[in-house]
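Colleague: Quick one: structure below, then a few questions.
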Amino acid sequence: MRFERRESGSAALTILAPLGAIGVALIVAGVLITIAGANAFEAYRLILKGAFGSRLGITETFTRATPLILTGLAAAVAFRARLWNIGGEGQFYLGALAVTAFGLFPGLSGAPAPVAILACLVVGAMAGSALLLVPVALKIRFGVDEVVTTLLLNFVAILFVSMMIEGPLKDPLAFGWPQSVPVPDAALLPQLVERSRLHAGLLVALALAVVVWWVQARTVFGMRARATGLNARAAAFAGVPLGRTLTLVACLSGGLAGLAGAVEVMGIKGYVTTDLSPNYGYSGIVIAMLANLNPIGVIGAALFSAVMFVGADSMSRALGIPSYIADVTVALSLLTMLVAVFLTQYRVRR
Amino acid sequence: MNVILDILSSVGMWEAVLRIATPFILGTLGVLLCERVGVLNLGIEGIMTFGAMIGWLTVYSGADLWTGLAAAALCGAMFGLLHAALTVPLGLSQHVTGLGITLFASSFSYYVFRLAVPTATSPPTIEPFRPFAVPGLSDIPFLGPVLFNQTAPTYLAFGLVAVLAWMLYRTPLGLAIRMTGENPHAVDAQGIDPIWLRIGTIMAGSALMGVAGAFLTLVAFNSFFPTMVQGRGWICIALVVFALWRPGRALVGALLFAFFDAFQLRLQTVVDGVPYQLFLMLPYILSIVALIVMARKARVPQSLMQPYRRGER
């Protein structure tokens, strides 16, 4: 058995790949549910019902998808340029923390809401970028592999957040719980649907998906970033400034992850704790790969993950299957997606 | 100043260094094997988590401690097989596959753990490995209790460093492994199949990662809880670069690292006014510093992250 490169990719295969990958992941997870003693079909019916069966379910699903779209975009833009930003989790937390710190700035509480919101979003994005610029500078300057440094900085960032919310940014009114000072009211994102947690952050995320698509497909920077990812040496020979391109990609990628944290804290929680993110940063990597690094595809992949996470919570309450099955399914779909993409590029010959 | 001297002269401190170093030694050797054969294995963090869980679960269900270690090694090898199947014959991205293995293995361990103990609020405990005093040698003042009053897995880890160093540099198998990491075409020309050699070596390396995880539940702590691996796997990846891909230096790196860790733990209790989080950050920052220092010196195995396909250059 050997593998032979396909002459040309087919559009149908490109669309079928993620669906097939998710299908196989759901089958394997179904086996795990069956082993645990429940009916897999019933479990999946309950997951869908939990995610879409009620007004609350639907709004929760989109609420959950919001940060996932942003962290998915963060991973997608970085991976497209072959910058392995695995630090989305840390950038998410720093983005969220920066917003609450910026909220202490006295001028902000008097500012009109649109100004305050915009300023806070920018601050959150800048904090995320700043954290990613450290490993990228080390990569450019010393040739240090960014995978390990971004991973390690996640732990440093979360410890830093913990230090801040037990120290200078601690909320004195929180009865001793380690949580940050609240975001000022002027900077809270407006609700989209009454009596739900769905907030305007969703619109920000959707708009940014389109913006990122446009930047990648239609600008010189986007072309340079893609060229860097395809073949950095060839790109350098063709005159692409590698260092500057990677730095800009890092600003964009870290900024999107920081924005995810900012939006989450301004839209839902209102303050930072160290359990603000149920692995949004790491899930972003899966989402980017499921979308085949396509910014518009990220929206669909983020929705899939959100359905699994929200649905699994209510399924778990009814059937007693641990809700970790959602994490298992999403992680499995990353592995099956890699194989699916491989099969769109190669055919198997005897 | 006296406080620091007190810490440095205490038997407990140095005894802890060896204990803390053990999972790092095992994990670093595992990563080292995989990378020496030309494959990056970012699955380590998840494989360690699964090893920690399955080792604990095996003992919790009534088996003895050694069976727990064996179960962790076996499961580690299975995850290694999955990683190898995707990265070696298919040649998929080693970065993304490894991360996928980590995400899958860790969420799968939490799933199995929750199935085994659905409701417990505090994690159920087991009876961990006890220190084994080597007769005679453990009576030497200072060095005796430090070196010869450790648990069996710690002795095992130190022994493995020597065994692996001998295997890599003194046996035909070791030569084939190192050669595959440099130039798989040359290995193929010698009549050895680099594909199978890679798969086998990755499985062996991943088994060590599983044991490294099991050390956490069967020696260091006596129960399993999610996120207990805390980036130890990623630190092992950094330690391999620090070790310049040599087992002896891996031991030195792990010990050095464990020294700082044991030292900061003790310093935390005596220094006032410094947030404890700063101390906890230290291991991660040190790993990054080690990477920076070694980046220039590092002689990476030449075929690391290059998939091998026969007949392709």
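The values are calculated or read from the model by the stated rules, or taken from the named source; none is laboratory data. None of the values given here were measured: they were computed from a predicted structure. Using ideal geometry, Cβ is built from the backbone for each residue, glycine included, and neighbour counts are taken over all protein chains shown.
Colleague: State which residue pairs qualify: first residue facing chain A (nearest Cβ under 8 Å) and inside the range B:235-246, second residue of a type in the set (S, T, N, Q) and in a helix (DSSP H, G or I) in any location, beta carbons under 9 Å apart, and separation of 6 or more residues or different chains.
Modeller: These pairs meet every condition: B:ILE235/B:THR28; B:ILE235/B:SER287; B:ILE237/B:THR28; B:ILE237/B:SER287; B:ALA238/A:THR149; B:ALA238/B:SER287.
Colleague: Then there's this: Restricting attention to the range B:211-231, does a residue exist that is in contact (Cβ under 8 Å) with a residue 12 or more places away in the chain, assigned to a helix (DSSP H, G or I), in contact with a Cys (Cβ under 8 Å, 6 or more places away or on another chain) and crowded, with 24+ Cβ neighbours inside 10 Å?
Modeller: Yes, that holds for at least one residue.
Colleague: So, B:VAL96, is that one buried (at least 20 other Cβ atoms within 10 Å of the Cβ), within 14 Å of chain A (Cβ to nearest Cβ) and aliphatic (A, V, I, L, M) or not?
Modeller: Numbers: buried (at least 20 other Cβ atoms within 10 Å of the Cβ): yes; within 14 Å of chain A (Cβ to nearest Cβ): yes; aliphatic (A, V, I, L, M): yes.
Against the criterion (buried (at least 20 other Cβ atoms within 10 Å of the Cβ), within 14 Å of chain A (Cβ to nearest Cβ) and aliphatic (A, V, I, L, M)), B:VAL96 qualifies.
Colleague: I need every pair where a residue in the range B:286-297 that is within 9 Å of chain A (Cβ to nearest Cβ) and over 14 Å from B:ALA243 (Cβ atoms) has its Cβ under 6 Å from the Cβ of a residue that is polar (S, T, N, Q) and in a helix (DSSP H, G or I), sequence separation at least 6 or different chains.
Modeller: Between residues of the range B:286-297 that are within 9 Å of chain A (Cβ to nearest Cβ) and over 14 Å from B:ALA243 (Cβ atoms) and residues that are polar (S, T, N, Q) and in a helix (DSSP H, G or I), the close pairs are B:ILE288/A:THR149.
Matching residues to (1) among the aliphatic types (A, V, I, L, M); (2) free of Cβ contacts under 8 Å to residues at least 40 places away in the same chain:
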{"site": "B:VAL11", "(1), (2)": "yes, no"}
{"site": "B:PHE24", "(1), (2)": "no, no"}
{"site": "B:LEU42", "(1), (2)": "yes, no"}
{"site": "B:ASP64", "(1), (2)": "no, yes"}
{"site": "B:LEU69", "(1), (2)": "yes, no"}
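The rows are residues; the columns are (1) surrounded by fewer than 19 Cβ atoms within 10 Å (Cβ to Cβ); (2) among the aromatic types (Phe, Trp, Tyr); (3) in a helix (DSSP H, G or I); (4) within 11 Å of another protein chain (Cβ to nearest Cβ).
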| residue | (1), (2), (3), (4) |
| --- | --- |
| B:THR269 | yes, no, yes, no |
| B:MET281 | no, no, yes, yes |
| B:VAL300 | yes, no, no, yes |
| B:GLY311 | yes, no, no, yes |
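Colleague: Give the residue, chosen from B:GLY38, B:GLY43, B:GLY136, B:GLY91, that is buried (at least 22 other Cβ atoms within 10 Å of the Cβ) and on the phi > 0 side of the Ramachandran plot. Can you show your working first?
Modeller: Numbers: B:GLY43 fails: on the phi > 0 side of the Ramachandran plot; B:GLY136 fails: buried (at least 22 other Cβ atoms within 10 Å of the Cβ); B:GLY91 fails: buried (at least 22 other Cβ atoms within 10 Å of the Cβ).
None of the others qualify; the one that does is B:GLY38.
Colleague: Identify, please: which residue in the range A:26-56 is farther than 14 Å from A:ARG317 by Cα and of a type outside the set (A, V, I, L, M, F, W, C) and is, among those, nearest to the other protein chains (Cβ to nearest Cβ)?
Modeller: Among residues in the range A:26-56 that are farther than 14 Å from A:ARG317 by Cα and of a type outside the set (A, V, I, L, M, F, W, C), the one nearest to the other protein chains (Cβ to nearest Cβ) is A:GLY37.
Colleague: If you don't mind, another one. Of the numbered conditions (1) more than 14 Å from chain A (Cβ to nearest Cβ); (2) modelled with pLDDT of 95 or more, B:ALA63 fails exactly one; give the number of that condition.
Modeller: So B:ALA63 meets the others, but not (2).
Colleague: Right, here's the next one. Go through (1) part of a helix (DSSP H, G or I); (2) away from chain A (no Cβ under 13 Å); (3) farther than 30 Å from B:LEU65 by Cβ one by one and return the number of the condition B:LEU251 breaks.
Modeller: (3)
Colleague: Of the residues B:ALA72, B:ALA105, which is crowded, with 17+ Cβ neighbours inside 10 Å, within 29 Å of B:ARG198 (Cβ to Cβ), under 22 Å from the mean Cα position of the chain (by Cα) and away from chain A (no Cβ under 13 Å)? Lay out the reasoning, then the answer.
Modeller: Numbers: B:ALA105 fails: away from chain A (no Cβ under 13 Å).
When all the criteria are applied, what remains is B:ALA72.
Colleague: Could you check A:LEU203 against (1) hydrophobic (A, V, I, L, M, F, W, C); (2) within 16 Å of A:ALA96 (Cβ to Cβ); (3) out of contact with any strand residue (DSSP E or B) (no Cβ under 9 Å at 6 or more places or on another chain); (4) surrounded by fewer than 22 Cβ atoms within 10 Å (Cβ to Cβ) and say which number it fails?
Modeller: Result: A:LEU203 fails condition (2) only.
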